[in-house]
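A.B. asks: Here you go, one structure.
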Amino acid sequence: MRDDLPLTGFTIVDLTRVLAGPYCTRLLADLGARVIKIERPGVGDDQRRSYLQLEPGRRDQSTYFVRVNAGKESVGVDLQRPEGQAIVHDLARIADVVVENFMPGVVAKLRCDYDTLRAIKPDLVYCSISGFGQTGPWRERPAFAHVINAFSGMMHLDQGEHAAPSSSNLQAADVLAGTHASMAIVSALLRKGRTGKGAHIDVSMLEALVAADSVTYAAVLNGGEEYGSPRPGMIVAPVGGRHLAMQFVGSDQLWPRMLELMGRPDLAKDPRFDDSEKRRKNWLELRTIVDAWLATYPTVEAALRALSGARIPCAPVLRPAEVVASPHLAERQFFPTVSHPARGDVRVTASPYHLDGAPMHPQSGAPYRVGEHTRKVLAEIDYSTDRIDALQRAGVIGVA
């Protein structure tokens, strides 16, 4: 563990599972925090059993789970048992932060809620991540990114010209909620350092996703129309047997550059397209013209050279394997390896920023068995070997 990272010396008790909470605590772990992940004995985080398994014959080592939990310590604790709840209380005494993403109300039943732990550690920073927030009539609804995508209006906006809404591969609600939570936690730690005051942070996946919209909600809130898909000025077009994405909105200079490259200065005076609002209203007609022009290029590479030369944002539509193989992300060291006891090295994603010119990678190896750190962590808070053995025999804790 590096001692020069921003969160070195901070301890986080992680009661989270699946994606939003684990992504949040993975970001904090990469910044140097010690993250103690509480898992159900024998079963662990739900995503241990996801795709793709790293060890033949086992169902607890998915690449999904490893990626978002690298660099953490696993402690197996049965939170349904009073003795297990007491372990979390003892860990809270030495923690700076507790993060949970249960459905609202569940942590109170488990006696691991903010009020209970604040009574033990008054300056605790406690973060709750949930689908809809800790208040409001939707607070007790179960939530995954797919459900939030529907509730947020994004699924409707993305429907565009398709006959019906569809699911999205992007788990944006989870990742955005986790990212906002990590920022709020660090901010609360800064305030705690200044004032000694703890905090209870309430992060909503729904609100994180709605806040990520660029145009529609700002407009609809003030009497405007929805601004959905297809987004005016954004193109995905077939070129030479592949697809190319490009756009000529977002900067006033892009539209004239586009017309110059197309050799169509007449479009600047066309009454259908002579201002941005008209181009929005008549987008389908304009898109047909641009698509036909792009189709004159023999290959995606030829179109990319022309567009890039004119300083128009563009990209080929890549498959994930092409992204992994890209020299750009290789130079950025975005796919580091972490050591795995059975597999050797496992590749994961890095945190998406560099600090002092260096990429942010997990500070220790891949997570392995549920409860692999139980004995070590409990010994550090003065649990004797006999007590740990007794808790294990009773099924209160899981020890790998």
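A.B. asks: Suppose we filter 170, 176 for residues that are part of a loop (DSSP other than H, G, I, E, B), more than 23 Å from residue 282 (Cβ to Cβ) and either open to solvent by less than 50 Å² (accessible area, probe 1.4 Å) or of a type in the set (A, V, I, L, M, F, W, C) (or both); which single one remains?
C.D. replies: None of the other options fit; the residue is 170.
A.B. asks: In the set 379, 400, which member is in contact with a His (Cβ under 9 Å, 6 or more places away or on another chain) and open to solvent by 40 Å² or more (accessible area, probe 1.4 Å)?
C.D. replies: None of the others qualify; the one that does is 400.
A.B. asks: Continuing with this model, one more query. Please specify each residue of the stretch 322-345 satisfying the condition of being of a type outside the set (Asp, Glu) and more than 20 Å from the chain's Cα centre (by Cα).
C.D. replies: Residues satisfying the conditions are 325, 326, 327, 328, 330, 339, 340, 341, 342, 343, 344.
A.B. asks: Go through the stretch 337-360 and give me each residue that's open to solvent by less than 90 Å² (accessible area, probe 1.4 Å), under 21 Å from residue 62 (Cβ atoms) and without any contact (Cβ under 8 Å) to a residue 12 or more places away in the chain.
C.D. replies: Scanning the stretch 337-360 gives 337, 344.
A.B. asks: Also: One residue is enough: does the stretch 315-336 have a residue meeting the conditions in a strand (DSSP E or B) and either open to solvent by less than 30 Å² (accessible area, probe 1.4 Å) or at pLDDT 95 or above (or both)?
C.D. replies: Yes, the stretch 315-336 has at least one match.
A.B. asks: Among the numbered conditions (1) over 14 Å from the mean Cα position of the chain (by Cα); (2) within 30 Å of residue 285 (Cβ to Cβ), tell me where residue 195 comes up short.
C.D. replies: Checking residue 195 against (1) over 14 Å from the mean Cα position of the chain (by Cα); (2) within 30 Å of residue 285 (Cβ to Cβ), the one that fails is (2).
A.B. asks: Here's another thing I want to ask about it. Which of the residues spanning the stretch 54-80 are surrounded by fewer than 17 Cβ atoms within 10 Å (Cβ to Cβ) and in contact (Cβ under 8 Å) with a residue 12 or more places away in the chain?
C.D. replies: 55, 80
A.B. asks: Are any residues in the stretch 376-400 in contact with a Ser or Thr (Cβ under 8 Å, 6 or more places away or on another chain), within 22 Å of residue 70 (Cβ to Cβ) and at pLDDT 95 or above, and if so, which ones?
C.D. replies: 398, 399
A.B. asks: Within the stretch 221-237, can you find the residues that are over 16 Å from residue 286 (Cα atoms) and modelled with pLDDT of 95 or more?
C.D. replies: Correct list: 221, 222, 223.
A.B. asks: Of the numbered conditions (1) farther than 28 Å from residue 334 by Cα; (2) in a loop (DSSP other than H, G, I, E, B); (3) basic (Lys, Arg), residue 93 satisfies every one except a single condition; which is it?
C.D. replies: Every condition holds for residue 93 apart from (2).
A.B. asks: Being touching a residue at least 24 places away in the same chain (Cβ under 8 Å) and among the hydroxyl-bearing types (Ser, Thr, Tyr) is the filter here, so list the residues in the stretch 34-53 that pass it.
C.D. replies: Within the stretch 34-53, none qualify.
A.B. asks: Just the residues that are open to solvent by 30 Å² or more (accessible area, probe 1.4 Å), in contact (Cβ under 8 Å) with a residue 24 or more places away in the chain and either under 14 Å from residue 263 (Cβ atoms) or polar (S, T, N, Q) (or both), please, taken from the stretch 287-308.
C.D. replies: Residues satisfying the conditions are 289, 293, 297, 299.
A.B. asks: Turning to a different aspect of this structure: I'm trying to understand the selection: among the residues of the stretch 257-284, which are over 19 Å from residue 231 (Cα atoms), in contact with a helix residue (DSSP H, G or I) (Cβ under 8 Å, 6 or more places away or on another chain), open to solvent by 40 Å² or more (accessible area, probe 1.4 Å) and without any contact (Cβ under 8 Å) to a residue 40 or more places away in the chain?
C.D. replies: 264, 265, 268, 271
A.B. asks: While we're looking at this one, here's another question. Can you name every residue in the stretch 344-394 that is part of a loop (DSSP other than H, G, I, E, B) and either of a type in the set (A, V, I, L, M, F, W, C) or over 26 Å from residue 87 (Cα atoms) (or both)?
C.D. replies: Listed by number, the residues that qualify are 348, 349, 350, 356, 357, 361, 362, 366, 370, 381, 394.
A.B. asks: Residue 66: farther than 22 Å from residue 128 by Cβ and either in contact with a helix residue (DSSP H, G or I) (Cβ under 7 Å, 6 or more places away or on another chain) or among the hydrophobic types (A, V, I, L, M, F, W, C) (or both), yes or no?
C.D. replies: Taking the combined requirement at face value, the residue satisfies it.
A.B. asks: Of the residues in the stretch 6-30, how many are surrounded by fewer than 19 Cβ atoms within 10 Å (Cβ to Cβ) and in contact with a Leu (Cβ under 7 Å, 6 or more places away or on another chain)?
C.D. replies: Residues meeting the conditions: 1.
The values are calculated or read from the model by the stated rules, or taken from the named source; none is laboratory data. From a predicted model like this one, the values you see are computed outputs, not experimental measurements. Heads up, the Cβs are rebuilt from the backbone with ideal geometry, glycines too, and the neighbour counts pull from every protein chain shown. All accessible areas refer to the heavy atoms of the entire protein, side chains included, with ligands and DNA or RNA removed. Shrake-Rupley method; radii C 1.70, N 1.55, O 1.52, S 1.80 Å.
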